[in-house]
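Notes for the one structure printed next.
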Amino acid sequence: MLTRSSDRTLTEQLAERFAERIRSRLLPAGARLPSVRECARQQGVSPHTVVAAYDLLLAQGLVEARPQRGFYVRDYLQKTPAAASDASGHAAIHKAAGAAWPLGGIGMRASGSHINATALIRGMFHQASSQPQPGTGVFPPEWLEEARFLPAAVRRITASRALQDGSLSYGEPMGDAGLRHALSRRMTAINVHAQPEQIMTTVGATQALDIVSRTLLKAGDPVMVEEPGWSVEFARLDALGMRVLPVPRGPEGPDLAVMQRYCEAYAPKLFVSVSVLHNPTGYSLSPGSAHQVLELAQRHDFHIVEDDTYGHIAPDHATRLAALDGLRRTIYVNGFAKILAPNWRVGYMAAPPALVERLLDTKLLSTLTTPSLLEKALAFCIDQGQLRRHADRMRQRLAQARARSVQLALEAGCSFASEPAGLFGWVETGVDTDMLAQRLLDEGYLIAPGALFHATRRPCTLMRINFTTTQDVAFWKVWARVMRDRAGPR
């Protein structure tokens, strides 16, 4: 908060606040700063102080003044011909697909959400405050500390002769054999039947997704993604030069009519889907929709990446494409960051036999192998049933947190755009959540505005909340106050 007791002037404090957000990309290139009058009202300072602060930002080269329009964060990104061609490509896809919503450049570029993909990731490492963060994508550390079996498993493996011998070589390129056998057995519980030879470990699920993209795609290839969806996946595909085709996601699954039009217009090579407890809506794929997606994949010859990151907190009987498909066109991806320990970075994929060697070649070019210590420890935890029991406890605790968070959100005047399920809630606020995000940052809260989950930039009144970090009434009191302040005096 700005304070008059500081040894720095209000002007300097305000300028530094904006400068910090610009450098951390919480305010990306192209974002408009609040008007002088609005900023003065929000911060409780005079318009003269705001003008002076903006002048400091101009002097530092962080913003630019546009006549009659206001102050904007400067664009440091080098515009390339490829970027321009991407924009025209999206326009062509939009026209061919006949979609009822606009398609522009990829939303995670400088023209994207005011809180962009990498900014939310940076928030995982440098939180806005010590308070629980509504926009986080993981369980609170105190929840994960309940997995007390992890340190014991690591100590057990560290003391073994097998680890000492294995540490003197690069290990197995596909990953620890014991873990791959344990994963094969575990996956049968969700009716995904994969032999250990089809399973490859990775540095988290994110690397698995990256390996698939780098193996099956080349720059310019069209890729279908669900919208709303995971902003980091949009940004990652965009950085690789892919053409991102957003497919609206509904309660039953992706919009099949839009997928069909994309297939006819652009012959996409890949479809990336979160079938179970979709992020951010919480939707789970219906059997009927799953069958139709697989029929489209067969008819139009594309692969499907099924990201089952939230599968650990979902029912085993939930519909999964990999189970129905038998891993013929589907590549199944999962990891343990959400349920166990984010810093372990243990992920894996199960792929069709014909793709395994190609995927392994890509892994070898990036990380050679993955560290066996944590993989061996994880295999022990799975075989002993410790992971299963821990997941059961987390599901029960999450259900209680979700019920309380939903109640508080409703009492605060919000509604839910989808039935609350899983870790996240897709909340309708009635206001532009990009602007709201900046106001809540002043209060020490980082939220995940709805524009972040769209591949194209547009104003959005939705936001994603984490049920485990929004069951405290303190956040909702701040929320209510910010909403009242936003309305201004009557």
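The values are calculated or read from the model by the stated rules, or taken from the named source; none is laboratory data. This structure is a prediction, so every number in the text was calculated from the model and none was measured. FYI the Cβ positions are ideal-geometry reconstructions off the backbone, even for glycines, and counts take in every protein chain you see. Note: areas computed on protein heavy atoms with side chains; ligands, DNA, RNA excluded. Shrake-Rupley method; radii C 1.70, N 1.55, O 1.52, S 1.80 Å.
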* Of (1) at pLDDT 95 or above; (2) open to solvent by less than 30 Å² (accessible area, probe 1.4 Å); (3) farther than 21 Å from residue 210 by Cα, residue 355 satisfies all except one. Which? -> (3)
* To do: Output the qualifying pairs, or none if there are none: Cβ atoms under 7 angstrom, residues six or more apart or on different chains, first residue in region 469-490 and more than 24 Å from residue 140 (Cβ to Cβ), second residue modelled with pLDDT of 80 or more and open to solvent by less than 80 Å² (accessible area, probe 1.4 Å).
  => 486/431; 486/439
* With respect to residue 420, is the statement that it is out of contact with any Leu (no Cβ under 7 Å at 6 or more places or on another chain) and not polar (S, T, N, Q) true? -> yes
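Matching residues to (1) assigned to a strand (DSSP E or B); (2) within 30 Å of residue 185 (Cβ to Cβ); (3) not charged (D, E, K, R):
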site	(1), (2), (3)
410	no, no, yes
430	no, no, yes
465	yes, no, yes
468	no, yes, yes
482	no, no, yes
* To do: Scan region 247-281 for residues that are open to solvent by less than 10 Å² (accessible area, probe 1.4 Å), in contact with a Pro (Cβ under 8 Å, 6 or more places away or on another chain), farther than 18 Å from residue 220 by Cα and assigned to a loop (DSSP other than H, G, I, E, B) and report the count.
  => 2
* Structure fact -> In region 393-434, anything under 26 Å from residue 31 (Cβ atoms) and among the hydrophobic types (A, V, I, L, M, F, W, C) is listed as 414, 417, 424, 426, 427, 431
* Asked: If you scan region 187-202, which residues turn out to be out of contact with any His (no Cβ under 9 Å at 6 or more places or on another chain) and either part of a strand (DSSP E or B) or open to solvent by 70 Å² or more (accessible area, probe 1.4 Å) (or both)?
  -> 193, 195, 197, 200, 201, 202
* Of all residues making up region 366-405, the number that are out of contact with any Ser or Thr (no Cβ under 9 Å at 6 or more places or on another chain), open to solvent by less than 80 Å² (accessible area, probe 1.4 Å) and part of a helix (DSSP H, G or I) -> 16
* Asked: When residues of region 282-292 are filtered for being in a loop (DSSP other than H, G, I, E, B) and open to solvent by less than 30 Å² (accessible area, probe 1.4 Å), how many remain?
  -> 3
* Would you point out which residue out of 212, 244 is assigned to a strand (DSSP E or B), hydrophobic (A, V, I, L, M, F, W, C) and open to solvent by less than 30 Å² (accessible area, probe 1.4 Å)? => 244
* Asked: What number of residues in region 319-328 are under 23 Å from residue 221 (Cβ atoms), open to solvent by less than 30 Å² (accessible area, probe 1.4 Å) and assigned to a loop (DSSP other than H, G, I, E, B)?
  -> 1
* Asked: Based on what the data block shows, is residue 470 open to solvent by less than 10 Å² (accessible area, probe 1.4 Å) and under 22 Å from the mean Cα position of the chain (by Cα)?
  -> yes
* Selected residue (only one of 316, 307 is within 25 Å of the chain's Cα centre (by Cα) and open to solvent by 30 Å² or more (accessible area, probe 1.4 Å)) -> 316
* **Those residues of region 295-318 which are assigned to a helix (DSSP H, G or I), more than 27 Å from residue 371 (Cα to Cα) and out of contact with any His (no Cβ under 8 Å at 6 or more places or on another chain), in sequence order** => 295, 296, 298, 299, 300
* State all residues of region 329-365 that are outside any helix (DSSP H, G or I) and under 18 Å from residue 137 (Cα atoms); if no residue qualifies, say none. => 333, 334, 335, 336, 337, 338, 339, 340, 341, 345, 346, 347
